[in-house]
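Here is the structure we will look at.
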Amino acid sequence: MKFSELTSMEEKIDQPLHEVVLLSQMLEDGSDPIELRNKTRIILDAMLDICEKNYGRAQKTLTGLCGDNAHLFSRWQPQMMGEFNYFATVTALSVIEANAAMGRIVACPTAGSCGVVPAMAYALRKIKKISIDCLVDALIVAGAVGKCIAQTVSISGAVAGCQAEIGTATAMASAMAVYSLSKDSKRVSHAAALSLKSLMGLVCDPVGGFVEIPCVKRNAVAVNIAISTAEMALCGIRSVIPLDEVIEAMARVGRSLPEELRETGLGGIASTKTATDLLEKIRGESL
Ligand code: SF4
């Protein structure tokens, strides 16, 4: 599926984009739009609940490689960040640390990138006071962005690098913010394209193959990229390269990434001396 097909259909039938996404899904597999909307509401509720329960919580990760970052950051008086960015960053750290501590999460699109979209949803709800109904609409649109990427590239770091996981999550979160705040599908596509271009080629290099380093902090940075691309798109800044073409380029980049940079734990920061030393220490402790 191409995102431009959805926006063309939107113009033809003169319905808001989230309704078009539901309709397109019904045409594709017979899904009932009302049921699909209800399912999306359940997913959104789960995301918000997880954010609420974990916000600023002190949590050690499974291996102890990292942890407690959300707690530390939640007690910090931000020096440069505004309220929205700060709140979203604490939330992203909190959710991804819950994942690394084997807590309950919503994989969106994956477990490794589970902090980005929920952090955006929670910040939109708590700081911008966006209604639940509007967030459901926006999550439906974000899901369509994710689906376009999944069908053309992949949402797996093992297949196309971290651009496919964190990159996709960032594009989805950015799309969600723009749709919540404007309902403008063209701006949504620019926000998603700007996000993917910013993260194109991002490698998947988890230390020891554990979804901890660099994944935890990468989620927190990613939500800030989503906020800045959404803000740019909202003000009318365009991506010169259309979203569908950016996604196709991302697929080509993913295919050209060497195996070491696709979740094998063999390249990037996973191959540094410190990473190797840390892994040896963990192995020593578990003997
Ligand atoms: S580095 Fe790899 S494992 Fe970690 S979030 Fe990115 S794609 Fe997932």
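With the condition kept exactly as written, say whether any residue in the stretch 34-48 is touching a His at 6+ places or on another chain (Cβ under 7 Å) and either among the basic types (Lys, Arg) or in contact (Cβ under 8 Å) with a residue 40 or more places away in the chain (or both). Looking through the stretch 34-48, none of the residues is touching a His at 6+ places or on another chain (Cβ under 7 Å) and either among the basic types (Lys, Arg) or in contact (Cβ under 8 Å) with a residue 40 or more places away in the chain (or both). Within the stretch 164-182, residues that are over 30 Å from LEU261 (Cα atoms) and at pLDDT 95 or above have Cβ atoms under 8 Å from residues that are among the acidic types (Asp, Glu) and part of a helix (DSSP H, G or I) in these pairs: TYR179/ASP137; SER180/ASP137, counting only partners at least 6 apart in sequence or on another chain. Of the helices (runs of 4 or more DSSP H) that lie entirely inside the stretch 1-110, those containing 3 or more residues that are under 18 Å from the mean Cα position of the chain (by Cα) span 33-54, 83-100.
Among the residues of the stretch 197-219, those identified as farther than 18 Å from THR89 by Cβ and outside any helix (DSSP H, G or I) are MET200, GLY201, LEU202, VAL203, CYS204, ASP205, PRO206, PHE210, VAL211. Considered as a group, the residues in the stretch 109-130 that are closer than 13 Å to TYR179 by Cβ and more than 16 Å from the ligand (Cβ to nearest atom) include one that is surrounded by the fewest Cβ atoms within 10 Å (Cβ to Cβ), and that residue is LYS128. Does the stretch 140-157 contain any residue that is away from the ligand (no atom under 11 Å from the Cβ), more than 20 Å from VAL246 (Cα to Cα) and in contact (Cβ under 8 Å) with a residue 12 or more places away in the chain? Within the stretch 140-157 (the criterion being away from the ligand (no atom under 11 Å from the Cβ), more than 20 Å from VAL246 (Cα to Cα) and in contact (Cβ under 8 Å) with a residue 12 or more places away in the chain), the answer is yes, since at least one residue qualifies.
Residues of the stretch 79-97 include at least one that is acidic (Asp, Glu), in contact with a strand residue (DSSP E or B) (Cβ under 8 Å, 6 or more places away or on another chain) and surrounded by 20 or more Cβ atoms within 10 Å (Cβ to Cβ).
The set of residues in the stretch 170-228 that are closer than 21 Å to ILE132 by Cβ and within 16 Å of the ligand (Cβ to nearest atom) comprises MET172, ALA173, VAL223, ALA226.
Selection of the stretch 106-143 for residues being farther than 16 Å from CYS51 by Cα and small (Gly, Ala, Ser) yields SER131, ALA138, ALA142, GLY143.
The values are calculated or read from the model by the stated rules, or taken from the named source; none is laboratory data. This one's a predicted model, so the numbers in the text were calculated from it and none came from an experiment. Note: ideal-geometry Cβ built from the backbone for every residue, glycine included; neighbour counts use all protein chains shown.
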